[in-house]
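Just below is one structure, and these are the notes that go with it.
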Amino acid sequence: MIFEFIGGLGIFLFGIKYMGDGLQKSAGDKLRDILDKFTTNPVMGVLAGLIVTILIQSSSGTTVIVVGLVSAGFMTLRQAIGVIMGANIGTTVTAFIIGIKISDYALPVIAVGAILLFFFKNKKIHNVGQIFFGFGALFFGLELMGDGMKPLRTLEAFQDLTVSLSSNPLLGVLIGTIFTVIVQSSSATIGILQELHGQGLIDIKGALPVLFGDNIGTTITAVLASIGATVAARRAALTHVIFNLIGTTIFIIVLPLFTVVVEAIKTNLGLNPEMTIAFAHGIFNTTNTLIQLPFIGVLALIVTKLIPGEDSAIDYKAKHLDPLFIEQSPSIALGQAKEEILRMGEFASVGLSESHQYLKTNLQRNAEMAMQLEDAINVLDRKITDYLILLSRSEMSPAESEEHSMLMDTVRDIERVGDHFENIVELVDYKLSNKVKLTEDALEDLDGMFNLTIQTLKDAIQSLDDKDTSLAAKVLKSEEQIDRQERALRKKHILRLNERKCSGQAGIVFVDIISNLERIGDHSVNIAEAVLGYRK
């Protein structure tokens with residue numbers, strides 16, 4: 001019984017994850033775009049959360065994405081609260097799918113998925129195959145769990161527990177919470193609840209409090225994702241917890257009335273037991289959202305009081321790219337684009353510093369911050385480039401055309417700097433995962449080259465800001481120093497290898513890091529030369 005249950009649970013969880021990954025790959029970059037564009041007000045935020053959760057089949061997954069976006073500054077706390085509410089509604093779709101009871105066709109669906117995965121090379125068909133395979137595995141796992149739970153009806157201890165659940169709702173909430181915290185999937189625990197109710201092992205009075213507890217337990221994933229994140233991200237995760245706690249409290253108070261409503265719906269619509277639980281789940285989350293939606297500001301205030309502190313997240317959205325200026329004044333539009341490029345340059349220098357800190361401290365938060373900054377640079381790169389392309393269609397003076405060309409080149413150089421410090425983060429990841437040891441001398445050499453490269457990049461960005469030709473000329477001299485340093489460090493590294501002071505793997509990490517730093521120096525020079533050319 002235990003083997004069948006835990007094996008079924010494993011296949012069910014794999015099915016949900018695999019199907020969600022397939023849906024996510026099919027959606028591509030649309031997920032972030034949906035969350036980025038459609039969260040202008042709380043209602044749109046709810047819709048965005050609902051759509052994304054349906055696409056990836058995981059409210060926890062959506063909430064983790066939201067925590068990441070808030071942490072990176074792409075989303076405000078108020079926007080995040082709306083999305084989290086929508087995610088809670090979106091997760092009920094899985095329960096409705098389970099309620100349809102198509103488990104008889106689970107194996108043929110798995111077969112279709114396998115055929116698409118193994119006999120076709122097209123990526124899109126692969127993604128569809130993954131969705132089919134995961135969908136079939138979900139139902140097959142559910143069926144195995146159901147078969148494993150059948151003998152429970154003969155256990156006296158289980159019968160006593162179900163009686164206790166019917167008479168003590170708080171016990172049901174506690175059991176639902178603990179089990180979902182362990183499994184980390186409310187879809188799985190709701191699915192199990194549907195099977196238990198479907199087999200008559202638990203009545204509706206006992207099932208509803210467990211359902212409420214499942215919704216509280218699913219918040220643990222977001223809480224774990226927010227550990228070590230920014231203040232805003234921790235507030236977003238806490239909002240998810242408070243939202244479900246308030247909803248559970250309200251529904252426990254009106255539980256007798258809610259039970260009557262659910263039973264009336266079951267009778268009037270002729271629902272099977274599994275679909276009854278799905279409807280109860282849907283009503284709970286939708287009603288909870290409607291009740292709390294007008295109080296998003298209050299929720300934000302509560303979590304701000306509970307988690308005090310200044311929010312360290314930077315707003316990575318483009319701030320200066322107003323399309324109106326393109327038509328009215330190309331000169332002002334160029335200035336706006338330049339301001340945005342300077343912000344992008346600031347992110348690049350901070351990101352490079354974070355990758356340096358990651359090498360020194362091995363702390364994951366430095367890596368995460370560097371990767372978020374690289375992500376932000378990519379977003380700004382697309383937005384600024386699109387803006388400058390639109391601007392190129394306007395009539396500009398020769399000087400403005402020259403500046404326009406210089407800005408286009410500078411955007412490309414800063415974006416490449418982001419790619420290089422991302423490479424450095426990945427090299428440090430490789431070093432840590434393979435337990436590669438760099439000697440003290442090697443670390444000292446890298447430290448010196450990092451400091452020189454960071455300062456050179458900062459000077460290049462500053463020279464662009466101030467149109468300072470003397471500072472731009474200094475960048476050219478610094479880059480020559482970086483080149484000399486790179487050659488010298490390579491020679492020192494070869495000596496260390498010959499003396500067997502460091503391993504071949506350590507050598508790969510060392511050489512690749514200094515190569516990336518040297519390339520960042522080259523891009524800094526490109527920016528400085530553009531400044532010098534523009535001034536001439």
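The values are calculated or read from the model by the stated rules, or taken from the named source; none is laboratory data. Values in this document were obtained by computation on a predicted structure and should not be read as measured data. Cβ coordinates were reconstructed from backbone atoms using ideal geometry, including for glycine residues, and neighbour counts include every protein chain displayed. Keep in mind that these areas ignore ligands, DNA and RNA; they rest on the heavy atoms of the full protein, side chains included. Shrake-Rupley method; radii C 1.70, N 1.55, O 1.52, S 1.80 Å.
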Between Gly504, Gln455, Thr469, whose Cα lies farthest towards the positive end of the dipole of the stretch 431-511 when Lys and Arg beta carbons carry +1 and Asp and Glu beta carbons carry -1, centred on the Cα centre?
Gly504
So what's the net charge close to Leu334: Lys and Arg +1, Asp and Glu -1, counting the other residues with Cβ under 12 Å from its Cβ?
-4
Distant-in-sequence amide H partners of Ser503 (H built 1.01 Å from N, under 5 Å)
none
Given Cβ charges of +1 for Lys and Arg and -1 for Asp and Glu, the option among Met406, Thr177, Thr361 whose Cα lies farthest towards the positive end of the dipole of the chain is Thr177
With every protein chain in place, the chain: carbon and sulfur % of accessible area (1.4 Å)
61
Let me cross-check Thr249: its accessible surface, 1.4 Å probe, with only protein heavy atoms counted, in Å² to the nearest 10?
80
Taking +1 at the Cβ of each Lys and Arg and -1 at the Cβ of each Asp and Glu, which of Asn526, Ile253, Ser329 sits farthest along the dipole of the chain towards its positive end, judged by Cα position relative to the Cα centre?
Ile253
On the full set of protein chains, 1.4 Å probe, figure out the accessible area of Thr91 and give it in Å² to the nearest 10.
10
With +1 on each Lys and Arg Cβ and -1 on each Asp and Glu Cβ, and nothing else charged, work out how big the dipole of the chain is about its Cα centre, in Debye to the nearest 20.
780
Computed over the chain: relative contact order in percent, which uses C-alpha pairs under 8 Å that are six or more apart:
13
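For the stretch 381-499, what is Rg from Cα atoms divided by 2.2 N^0.38 Å, rounded to two decimals?
Numbers: Rg = 19.1 Å, N = 119, 2.2 N^0.38 = 13.5 Å.
Taking the Cα Rg and dividing by 2.2 N^0.38 Å, one obtains 1.41.
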What is the sum of charges around Ile84, taking Lys and Arg as +1, Asp and Glu as -1, for the other residues whose C-beta is under 13 Å from the C-beta of Ile84?
+2
Under the √(5λ) rule applied to the eigenvalues of the Cα gyration tensor, what semi-axes describe the equivalent ellipsoid of the stretch 172-310? Give them in Å, descending.
30, 17, 10
Counting only protein chains, not ligands or nucleic acids, how are Thr410, Thr267 ordered by accessible area (probe 1.4 Å), most first?
Thr267, Thr410
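Let me know the shape class of the chain, please: from the alpha-carbon gyration tensor, a ≥ b ≥ c as square roots of the eigenvalues, rounded when a/c is under 1.5, otherwise prolate if a/b is greater than b/c, or oblate. All intermediate terms of the calculation are to be shown ahead of the outcome.
Working: a/c = 2.46, a/b = 1.87, b/c = 1.32.
The shape class here is prolate.
Ignoring ligands, DNA and RNA, what accessible area per residue does the stretch 189-290 give at 1.4 Å, in Å²?
Working: 3320 Å² over 102 residues.
Per-residue value: 33 Å².
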Defining a contact as two alpha carbons under 8 Å apart and six or more residues distant in sequence, what relative contact order in percent does the stretch 164-317 show?
26
Need one word for the stretch 195-254: rounded, prolate or oblate. Basis is the Cα gyration tensor (sqrt eigenvalues a ≥ b ≥ c); a/c below 1.5 gives rounded, then a/b vs b/c decides.
oblate
What does the charge count near Val436 come to, summing +1 for each Lys or Arg and -1 for each Asp or Glu among other residues with Cβ under 14 Å from its Cβ?
+2
Given the protein chains as shown and a 1.4 Å probe, how many square angstrom of His356 are accessible, to the nearest 10?
10
